[in-house]
Amino acid sequence: MAHTTTPLANKVVWITGASSGIGEALAYALAARGARLILSARRAERLAEVAARCKGVGASVDILPLDLADGSSLAASVREASAAYGIIDILVNNAGISQRAEAIDTAPDVVRTIIETNLIGPVILTAEVARRMRERGSGLIVVVSSLVGKVGSPLRSAYAASKHALHGYFDSLRMELAGRGVGVLLVVPGFVRTEISLAALEATGQPHGRMDPGQRDGMSPEAAAERILRAIAAGKEEISVGFDARARLAVILRSLAPRLLARIMAKARVV
Ligand SMILES: NC(=O)c1ccc[n+]([C@@H]2O[C@H](COP(=O)([O-])OP(=O)(O)OC[C@H]3O[C@@H](n4cnc5c(N)ncnc54)[C@H](OP(=O)(O)O)[C@@H]3O)[C@@H](O)[C@H]2O)c1
């Protein structure tokens, strides 16, 4: 098969959040390049559908359902993932859940779910997987953050907290792993056309259930996946995907004129 000539051929890639959106698109793009896949998320039936499509192009695929918000179950998940092919070359911490509620209205349990899913779960997986990579002297940890990991936003307080924390954790991890053969790639999406706003949690935990305009008009998940694979091949440490002019401006203002940005964001019609 032609794809066996790509550097990703035969690499074992564990993708979380592979049941939809960016993770699903990554699974197809990696399958087409001959990678061996482990696909995780909560919805086993959606994972089975994604796996079937990947197998359709000849890829080797395992599915491993898990709930990142259930930290006590994740050590067993890492053991299972590590046993699937005997090695993990690339871990893609892509799964995430967003928020659509003001900070003071958001129930503590909702905050906890968002932080556990977006931060604590990925940190648990990463520490276990990166330890094995460091022993081997090779591997790559990918983590999908957000524009909201760089710039706060109304209605996204807990989501912003979880995504900002990813930058601190994974930048630090990259420094610790420097020279040990293990890389860290931070992916910072702006607006990508996925189910993220549909699944986003409102104040008491009910799903938002609506496609927001930012996502509707955003980059396709397939294009986002291709950008991520190019960044992996190029050995990048951080990339943005699906950034429009507003996103680029917000990041610049955050460092050069934060009070101006805060005034703009306070008046912006964020949904
Ligand atoms: N789309 C955007 O515009 C955008 C912008 C910035 C950042 N991002 C980030 O991009 C990443 C991918 O999201 P997406 O846009 O592709 O949205 P998506 O289509 O909603 O995908 C999110 C994935 O995360 C999984 N997930 C959610 N909670 C989970 C849990 N507790 N345990 C395990 N898996 C869980 C979901 O699967 P199950 O429901 O089956 O568990 C799904 O596969 C996320 O980290 C998100 O924050 C996206």
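Give all pairs with beta carbons closer than 6 Å in which a residue from the range 240-264 that is closer than 21 Å to L186 by Cβ meets a residue that is aliphatic (A, V, I, L, M) and not in a helix (DSSP H, G or I); count only pairs at least 6 apart in sequence or on separate chains. So the pair list comes out as S240/V188; G242/V192; G242/M219; A250/V151; R254/V151.
The set of residues in the range 156-194 being surrounded by fewer than 20 Cβ atoms within 10 Å (Cβ to Cβ) and charged (D, E, K, R) consists of D171, R174, E176, R180.
When the residues of the range 100-150 are narrowed to those that are β-branched (V, I, T) and under 19 Å from I87 (Cβ atoms), which ends up nearest to the chain's Cα centre (by Cα)? Residue satisfying both the conditions and the ranking: V142.
For the range 217-253, a residue qualifies if it is assigned to a helix (DSSP H, G or I), surrounded by fewer than 13 Cβ atoms within 10 Å (Cβ to Cβ) and charged (D, E, K, R), and exactly one does: R230.
Only one entry of S197, S153 meets the criterion of being within 11 Å of the ligand (Cβ to nearest atom), outside any helix (DSSP H, G or I), surrounded by fewer than 23 Cβ atoms within 10 Å (Cβ to Cβ) and over 12 Å from the mean Cα position of the chain (by Cα), and that entry is S153. When A158 is tested against the conditions (1) out of contact with any strand residue (DSSP E or B) (no Cβ under 8 Å at 6 or more places or on another chain); (2) in contact (Cβ under 8 Å) with a residue 24 or more places away in the chain; (3) part of a helix (DSSP H, G or I), the lone failure is (1).
Pairing residues of the range 42-61 that are away from the ligand (no atom under 15 Å from the Cβ) with residues that are modelled with pLDDT under 95 and assigned to a helix (DSSP H, G or I), at Cβ distances under 9 Å and at least 6 apart in sequence or on separate chains, gives V57/H3; G58/H3. Among the residues of the range 226-242, just one is farther than 25 Å from M175 by Cβ and in contact with a strand residue (DSSP E or B) (Cβ under 9 Å, 6 or more places away or on another chain), namely G242. Within the range 4-13, at least one residue is within 20 Å of R227 (Cβ to Cβ), in contact with a strand residue (DSSP E or B) (Cβ under 6 Å, 6 or more places away or on another chain) and crowded, with 23+ Cβ neighbours inside 10 Å.
The values are calculated or read from the model by the stated rules, or taken from the named source; none is laboratory data. Since the model is a prediction, treat every value here as computed from it, not as a measurement. FYI the Cβ positions are ideal-geometry reconstructions off the backbone, even for glycines, and counts take in every protein chain you see.
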